[in-house]
Structures are given as C-alpha cells and as structure tokens.
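For reference, the structure discussed in these notes is given below.
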Amino acid sequence: MIIKNVNIITRNKILNNYCIEINDGIITNIAKDISTDNYIDGLGRFLSPGFVDMHIHGGGGYDFLDENIETYQKITYAHMIHGTTSMVPTLVASSVEDLKKAIIRYKNAKDYKCNLLGLHLEGPYLNRAQCGAINVDYLHNPDIKEINGLIELANGAITRVTLAPELANSDELIKLLKENNITVSIGHSNATFDVVKDTYKNGATLITHFYSGCSSITRKNGYRILGIIEAGYLIDDLDIEIIADGSHLPIDLLKYIYKFKNHEHISLITDAMRAAGTNLKETYLGKMGEGTPCVIEDGVAKLKDRSAFAGSIATCDLLVKNMLKAGVGLNDAINMVTINPIKALGSKYKKGEIKVGNDADIVLFDEKIDISLVIINGEITYKK
Ligand SMILES: [Zn+2]
C-alpha cells in the first residue's frame, strides 16, 4: 500500500507533501516521491501515528467488565473510528472474581478493532480517601497472594497497575510488579512527596490521571507538605497521564501543565467510560447493572448527585483538539497520544511513531483533526 500527498507527522517535524509505503503491516518507506500509479491519495491531509490510549474503561455502550461477547468489539470500534489504534483496557477496582473473569475475557477476546496492549488494573490497592467514583467496598491494602493469583492467571497480559504507595505492603507489591515487567503507576493516592520519591526509586514510573485522585499540598502543624502533584513537576522523569477532555482538566490547566512539565513525559488518556461514542444520558460506571449510576451532561459523566465526575466520554481525537486549544503545537500534541504512552508502557512495542520498521498503525485527518482514514497493522479499518 502506498499513500501519496500527505503531511507526515514525525516525532520532531512535519514532512510536507510526502509519501509512505506499507508492506506486510510494516512501514517500509517514507519518501518525497514513490513512483507508482496504484496509490491512495491523501489529499494533503496529515498522516499521524495511530493514537494510543493507555487508560480506557469503555465506550460504545460497553465497559471492559461487562460479561458480554460483544464487549471488545463494541468498545474498540467506538474508539477506533476516532483514531485509536492501540489501547490498554482498564479494569476499575472490582471483586477478585470479577477481575479474574475480566482477565479471562481479555485473553479470549475476538473481533476487536484495534491493538490491545495488555490490561491496566486500576486498583484494588487504592486509598479510600481518594476513591473518586470508585466503589470503596472494593479498595483495600495490597494482598500479595491475591495479586500473584491475578498475574499468574493473566500470564503476561497485565501491562500496568495503579496503586496507592502509602498503603501497607506496597513495597512488596511494587517489587513483584517490577519483576513481572509491569508498569507501576501512582494514583487514587494521598502519598506525600517523600513517599512518591521513595516509590519512584523503587520503580514507579507514572502518575495515573494527574490531578484526579492525586494528593497536593496539605498542612500539618503549620508546615506545608507536598504531594503527588508537586512530585509530578519536580521529578523530571516521572511520567504523567492527563485526561485532556476539557472537563476533568480545563483548557487553562492543560496550558499550565504543558508550561511546567517536560512534554516528553506527558501522555493523553481518555479514561473513557461506557458512554464514550454514544448518546447515552444515563448509565453506569463499572459493570452493567452493578456499577455506580451516573448521568452524562456537559460532555462528561457525573455521579447522580453531581458531586464528582464519573469518568470521561472523550475519544482520542478530542484530546488532541483540546491540546491544540491549549496552545500546544501539533507535533507535541500528537507525541503525547502516540510515542509518549508507548514509552510510558516500557517501549515494548514498535508503535507510536512514523518510521521505517514500525507497525503501520496510521491515521489521516485534516486541520480540524477530523479523522478520515484509519489503518491498523497495514489494513484499512475505517474510511470516512
Ligand atoms: Zn480510570
């Protein structure tokens, strides 16, 4: 497959009016011209690496906890048509039985429409004081036997775990996760700066949805004590992920984050719940019928009493649009939803960047970030 007449977004620059060649699912040539009569005309649009969403619970009316044969197909399709070519299905804290069933469903998933880069366990080892919309009944201190059982069942399919490092037994938990090559992320936590520093030294590399469920400055006997937010800014190499839906983090806060954090360590996530890509006005966060009831209004999911958000309904194209609104350049905005999450997951995949030898996960869009073509592993999966 050859695509001509596109502006290719690479990591550092945009190659105007270029061509790209794909063979057997791999990018094999990037050139000013490739002589052939048989090609796709990109019509002067942008050609970007496919979007990578490393924190996503659902979409298209489904949640990854749903016991439905269509779950993976529906969620991946709803996001794929908005440019997502890889995702990390995220399981919110639930009963161990439900997590086990969800892990088995992941391993048996069929007919999904984008790459699946392993599972993200968001809990259950989280601080109840920072639960957000998560059901506190499922949150508890790290249980090594329990997590060992899940890791063994998953057999390599757990990519990342979000945990609150101030809880008892966290050091042992982190050690086990690192031994299994699992990205350790700090979130739903009241950790102080000192605890975050120690956790970073022990191998944590990421902060889960920065500003949501994260401690900040508190005062004790008059003294100010820093939290996770300050650690995110002060520890240069600590990655952060942000829900750039414009609601969880308003545009001015996106601007602020970009100004003070090295953009190479910022990843965009949807943290989308089941209503993403639908017109649902009322639904559940978590497993259908058992989860927390919520309403959708003003472009975000809220708890029924409107006391807190209950997840986003964003798709990745919206995240990019919001970063552009925040004044971020197109290259940096695209890196944040492509190569940066791939690096945050440990650079285990040949994805996230348009270069020869990488998987041909590609999206085409215009200057309004309106997606017109999606290619995954060299196959066209969506055409507007
Ligand atoms: Zn989440």
### Query
Which residues, taken from segment 110-120, are at pLDDT 95 or above and away from the ligand (no atom under 14 Å from the Cβ)?
Tyr112, Lys113, Cys114, Asn115, Leu116, Leu117, Gly118
### Task
Could you identify the single residue in Ile174, Ile217, Ile225, Ile207 that is closer than 23 Å to Val337 by Cα and in the same structural domain as Thr159 (by TED's automatic domain parsing)?
Ile207
### Task
Show the residue pairs that are 6+ apart or on different chains and have beta-carbon atoms under 9 Å apart, the first residue being within segment 192-211 and basic (Lys, Arg), the second being part of a loop (DSSP other than H, G, I, E, B).
Lys197/Ile235
### Task
Go through segment 287-315 residue by residue and tally those that are at pLDDT 90 or above, in contact with a helix residue (DSSP H, G or I) (Cβ under 9 Å, 6 or more places away or on another chain) and more than 16 Å from the ligand (Cβ to nearest atom).
1
### Selection from segment 104-157 of residues that are surrounded by fewer than 22 Cβ atoms within 10 Å (Cβ to Cβ), β-branched (Val, Ile, Thr) and in contact (Cβ under 8 Å) with a residue 24 or more places away in the chain
Ile104, Ile144, Ile151
### Query
Looking only at strands (runs of 3 or more DSSP E) that fall completely inside segment 1-67, which ones have 1 or more residues that are more than 16 Å from the ligand (Cβ to nearest atom) and more than 19 Å from the chain's Cα centre (by Cα)?
2-9, 14-23, 26-31, 46-49
### Query
part of a helix (DSSP H, G or I) and within 16 Å of the ligand (Cβ to nearest atom): does that describe Ile75?
yes
### Message
Can you confirm whether Thr90 is more than 25 Å from the chain's Cα centre (by Cα) and either of a type in the set (Ser, Thr, Tyr) or within 30 Å of Glu290 (Cα to Cα) (or both)?
### Response
no
### Query
When only residues in segment 79-101 that are part of a helix (DSSP H, G or I), touching a residue at least 24 places away in the same chain (Cβ under 8 Å) and surrounded by fewer than 23 Cβ atoms within 10 Å (Cβ to Cβ) count, which is nearest to the ligand (Cβ to nearest atom)?
Asp98
### Message
For segment 163-178, give me each residue that is of a type in the set (Gly, Ala, Ser) and loosely packed, with under 15 Cβ neighbours inside 10 Å.
### Response
Ala168
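The values are calculated or read from the model by the stated rules, or taken from the named source; none is laboratory data. Just so it is clear, the structure is predicted and the values come from calculations on it, not from any experiment. Using ideal geometry, Cβ is built from the backbone for each residue, glycine included, and neighbour counts are taken over all protein chains shown.
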